[in-house]
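What follows is a single structure, written as structure tokens, with notes after it.
Since every read-out is calculated from the coordinates, none of them should be taken as a lab result. Keep in mind that this is a model prediction, so the values were computed, not measured. Heads up, the Cβs are rebuilt from the backbone with ideal geometry, glycines too, and the neighbour counts pull from every protein chain shown.
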Amino acid sequence: MFTFERVIKSAALIAALSATSAFAVSNITITKHNLSSGGSGTIKSATGDSNNEICVYCHTPHAANTAFSGAPLWNKKSDTAAGAFTMYGRTAANQAGVTIAGTATAQQPNNPSMACLSCHDGASAINSMVNMPGSGGYNAGNQQYAAFGATGAGTAFKMPAGLTQIGTDLSNDHPVSIPYNEGNASLKAVSTTLSGWAGAGTIANLLRGGNVECSSCHDPHEGTNPTFLRTTNAGSALCLGCHGK
Ligand code: HEC
Ligand code: HEC
Ligand code: HEC
Ligand code: HEC
């Protein structure tokens, strides 16, 4: 029978569902990763340029770069600086290095981090695409560059020096492409439940191939928390998600 009590219960259920955002929306449109001419940042497609799409700077529905496995349906060529990165615990590229717990860092970043570095290393073009918007935009052989800022179409536009240019020296950044070994550095069990994180319900969901990568802490589509963080870092909540310090 349909009772008032049941109406209250279903209202509470709906409220609970929306609170846990079972269907979370990331809202990339309002972020600096909206590189269309209408984007909110300063680095973007030139006003009036026909490349007024958002996803196209990273993904394409067809003819994706299948040689790159770091992110799905990837619309960029491989990173220009591949092989030149200096990882955490090292002083030069392709050297041996370890964390305090003795975990060896990779010699070069794994592909999931290379996806980010293909724009953030300052060496690779932000405006390059395998498959430009519209019909007939595919060019397998050559890089194609959208017009960005004062840079005309056909010219590479690289991340300018500044906070967002992570560069090729990753020795002063939190380790990436590093295995998640429970117990090291007070790391919690990978089965630990996370509450309110974008795209992850457990620590295991944060790992890519068992490793911590850029996308463990950042979701490149996330407009809720500053700097694309998967959760707030107020009270260092992000750090405390993995480290039981
Ligand atoms: C600045 C680059 C960038 C832009 C722009 C971008 N993405 Fe992504 N996307 C990525 C990366 C990198 C990953 C892999 C992330 C990971 O490993 O968690 C990804 C993963 C995804 C995934 C699979 C993982 C998931 O979150 O479900 C989907 C679906 C997706 N993107 C859709 C989109 C759509 C739709 C747009 C445009 C509205 C878009 N992306 C724009 C970089 C981008
Ligand atoms: C297609 C190029 C591209 C890719 C791929 C890309 N970014 Fe970005 N990102 C940008 C640009 C452009 C900006 C704006 C930089 C500026 O204005 O200084 C930016 C800004 C950021 C910022 C600063 C945001 C803010 O609000 O201050 C963070 C954090 C960031 N990116 C992280 C990532 C991570 C992590 C990945 C991979 C998961 C990634 N990006 C992949 C182009 C890219
Ligand atoms: C362990 C978590 C973690 C990992 C892994 C990580 N980041 Fe971040 N990143 C952060 C936090 C936290 C901030 C905000 C820092 C702040 O507010 O000073 C940040 C900030 C940034 C910024 C913005 C800097 C600024 O001051 O505007 C960029 C760009 C960025 N990260 C890119 C990357 C890239 C690229 C990778 C992979 C090579 C990466 N991050 C890996 C946690 C992480
Ligand atoms: C996704 C899980 C994760 C998050 C989130 C995370 N870390 Fe880590 N952190 C790791 C892993 C994995 C290691 C490597 C541990 C090892 O030595 O085996 C590590 C190592 C470290 C180390 C020690 C490096 C060394 O040389 O021993 C420090 C310090 C650190 N993290 C600080 C932070 C801070 C600060 C934050 C928040 C901004 C953070 N971490 C967020 C996973 C994470």
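The figures follow:
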read-out	value
Any cysteine of the chain lacking a neighbouring Cys Cβ under 4.7 Å - listed by number	Cys55, Cys58, Cys119, Cys217, Cys239, Cys242
Point-charge dipole on Cβ atoms (K/R +1, D/E -1) for segment 17-115, about Cα centre, debye to 20	140
Distance between modelled label sites at Ala153 and Phe23, nm, 7 Å Cα→Cβ extension	3.7
Ser124, Ser113, Ser36 arranged by Cβ crowding within 10 Å, fewest neighbours leading	Ser36, Ser124, Ser113
Residues Thr202, Thr151, Thr31, sorted so that the one with the fewest Cβ neighbours within 10 Å comes first	Thr202, Thr151, Thr31
Calculated P(r) of segment 116-213 - Cα pairs past 17 Å, %	66
Scaled radius of gyration (Cα, divided by 2.2 N^0.38 Å) that the chain gives	1.16
Contour minus Cα-Cα distance for Thr42 and Ala234 (0.36 nm per residue)	66.5 nm
Amide N proximity, segment 105-143 versus Ala93 label position 7 Å along Cα-to-Cβ, cut-off under 19 Å	105-126
Computed over segment 67-170: relative contact order in percent, which uses C-alpha pairs under 8 Å that are six or more apart	27
Normalised contact order of segment 14-104, rounded percent, pairs of Cα under 8 Å and 6 or more residues apart	12
Neighbour-count ranking [beta-carbon atoms within 10 angstrom, fewest first] of Cys119, Cys217	Cys217, Cys119
Spatially close lysines, pair count over the chain: Cα under 22 Å, gap of eight or more or interchain	10
